[in-house]
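First the structure, in the form of structure tokens, and then the observations on it.
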Amino acid sequence: MAKKTVRDINVKGKKVLIRVDFNVPLKNGEISDENRIVEALPTIKYVLEHGGRAIVFSHLGRVKDEADKAKNSLAVVAKRLSSHLNQEVTFVPVTRGKLLEDAVSKLKDGEILMFENTRFEDLDGNKESKNNPELGKYWASLGDVFVNDAFGTAHRDAASNVGIAANIKETVAGFLLEKEIKFIGGTLENPQRPFVAILGGAKVSDKIEVIQNLLKIADKVLIGGGMAFTFFKAMGYEVGKSLLEEEKVELAKELLVLANGKIELGDDVYTGKAFDPNTEKNVRSIDSIPVDEMGLDIGPRTTALFESFIKDAKTVVWNGPVGVFEFPRFSEGTKSVAQSIADIKNQATTIIGGGDSAAAVIQFGLIDGFSHISTGGGASLEYLEGKVLPGIQCVDDL
Ligand code: ADP
Ligand code: MG
């Protein structure tokens, strides 16, 4: 379903509520990765350049007690935002009340303020995270229109997204949310074929619904990483000390039947004796993993097999590294998969969903090799599961 975006409304002279995802990692009070701030700039700049009065807000971390408040203030983010915009960002250190209301009424066209961490409201009965109706209504009352650009929280029903949308005339998507809807939503709805999904990561249990949903839509589902061993076990192989979820073996059997040949697992792995970056590396056929070894990466034949499917794809969705890429010795498979996908960038839509997969691609210097690298962790996963995300649903249809 096509959604309205900030381009579809007139923001001039309007008080524009902008929900962004500024949930940045902090180390000793300093921002250690500003990517989320940078990603939100296009929407904020658009509003300011078109004469809107921007009221920006986000959650940051979890807020369970007063100590969390001190740790998770957005003040430092407002400062960083200000330097990116080259413009003053008025930081309002509260989430409601006269101070905030006065600051809003003082805003002129093209000016911006940011208020404090929306989760400060969680101290008093999880009002933000449980979408307390009074809170959503209050925040909505501060603005004329609502721009939701927080994909990272789109899978949550919060006062700062769904609650505001329910109490304001117009809710539109920002550019970041628009991009996620276009790439993930659009691809799952109407993929160019062949559509190859690559799934990896540690556990089957984290990804069951993604596997189920992609089995319905994709032409091939390539499975690697730790989760492959539960499938190998389901096929009757012994997996040694590899990551195995015994209680999911039956489910893996069912999925293999359901897949009807769509799932490809390959037939070899690199193993080590210990979960250790320096453990000795061996290549093993899947039918001969020694009892004292564990699979830590896909093997060379499997890598070649995966590449043979990827090279002809018109759509690729990748979620989860196919090996322990954090150990250089076992990063080869994940790197090859990333490279094979990057190689077809000009002929295919290629999407990464998943924090660790994105981290892997950044580590390999291949960040420009993909059509879209999703910015949401949990949100991407739930979107790939085929779920309706409340933070997207609450945006007005076009
Ligand atoms: P994403 O964040 O991309 O969705 P996950 O969080 O599901 O990915 O999984 C990432 C983790 O899976 C990585 O830390 C990686 O080391 C681990 N992993 C991949 N392959 C294996 C394996 N064979 N054995 C153990 N862990 C693995
Ligand atoms: Mg992860």
> Scanning for something within 16 Å of ligand 2 (Cβ to nearest atom), touching a residue at least 12 places away in the same chain (Cβ under 8 Å), in contact with a strand residue (DSSP E or B) (Cβ under 7 Å, 6 or more places away or on another chain) and more than 19 Å from Ala360 (Cβ to Cβ), does region 211-232 turn up at least one residue?
Replying inline: yes
>> Condition (residue is in a helix (DSSP H, G or I) and of a type in the set (D, E, K, R)) applied to region 139-157: is it met by at least one residue?
In response: no
>> Given (1) open to solvent by 40 Å² or more (accessible area, probe 1.4 Å); (2) over 20 Å from Asn72 (Cα atoms); (3) touching a Lys or Arg at 6+ places or on another chain (Cβ under 9 Å), identify the lone condition not met by Ser141.
In response: (3)
>> Go through region 187-205 and report how many residues are surrounded by fewer than 17 Cβ atoms within 10 Å (Cβ to Cβ) and within 16 Å of ligand 1 (Cβ to nearest atom).
In response: 3
>> Given the criteria open to solvent by 10 Å² or more (accessible area, probe 1.4 Å), under 30 Å from Arg156 (Cα atoms) and within 16 Å of ligand 2 (Cβ to nearest atom), does Gly377 qualify?
In response: yes
> Is there a residue being small (Gly, Ala, Ser), in the same structural domain as Asn260 (by TED's automatic domain parsing) and either under 15 Å from the mean Cα position of the chain (by Cα) or not in a loop (DSSP other than H, G, I, E, B) (or both) anywhere in region 185-198?
Replying inline: yes
> If you scan region 338-374, which residues turn out to be open to solvent by 30 Å² or more (accessible area, probe 1.4 Å) and small (Gly, Ala, Ser)?
Replying inline: Gly355, Ala359, Gly365, Ser371
>> Quick check on my filter: what residues within region 288-305 are acidic (Asp, Glu) and either free of Cβ contacts under 8 Å to residues at least 12 places away in the same chain or open to solvent by 40 Å² or more (accessible area, probe 1.4 Å) (or both)?
In response: Asp292
> Of all residues in region 208-225, which are within 19 Å of Gly378 (Cβ to Cβ) and buried (at least 24 other Cβ atoms within 10 Å of the Cβ)?
Replying inline: Val210, Ile211, Leu214, Gly225
> So which of Asn86, Asn126 ends up being open to solvent by 40 Å² or more (accessible area, probe 1.4 Å) and under 25 Å from the mean Cα position of the chain (by Cα)?
Replying inline: Asn126
> Restricting to strands (runs of 3 or more DSSP E) lying wholly in region 45-125: which have 2 or more residues that are under 22 Å from Phe175 (Cβ atoms)?
Replying inline: 53-57, 112-115
> Pairs under 9 Å by beta carbon, first residue on the phi > 0 side of the Ramachandran plot and within 16 Å of ligand 2 (Cβ to nearest atom) in region 318-338, partner assigned to a helix (DSSP H, G or I) and open to solvent by 40 Å² or more (accessible area, probe 1.4 Å), six or more apart or different chains?
Replying inline: Gly320/Asp206; Gly320/Asp356
>> Restricting to region 380-391, and then to whatever is away from ligand 1 (no atom under 14 Å from the Cβ) and assigned to a loop (DSSP other than H, G, I, E, B), can you tell me which residue is surrounded by the most Cβ atoms within 10 Å (Cβ to Cβ)?
In response: Leu389
> Only one residue in Lys216, Lys262, Lys241, Lys311 is basic (Lys, Arg) and within 12 Å of ligand 1 (Cβ to nearest atom), so which one is that?
Replying inline: Lys241
> Do we find that Phe151 is in contact with a helix residue (DSSP H, G or I) (Cβ under 8 Å, 6 or more places away or on another chain), within 16 Å of ligand 1 (Cβ to nearest atom) and of a type in the set (Phe, Trp, Tyr) in this structure?
Replying inline: yes
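The values are calculated or read from the model by the stated rules, or taken from the named source; none is laboratory data. All values derive from a computational prediction rather than experimental measurement. As a convention, Cβ positions derive from the backbone with ideal geometry for all residues, glycine included, and neighbour counts pool all protein chains shown. Each accessible area value is taken on the protein alone, full model and side chains, heavy atoms only, with ligands, DNA and RNA left out. Shrake-Rupley method; radii C 1.70, N 1.55, O 1.52, S 1.80 Å.
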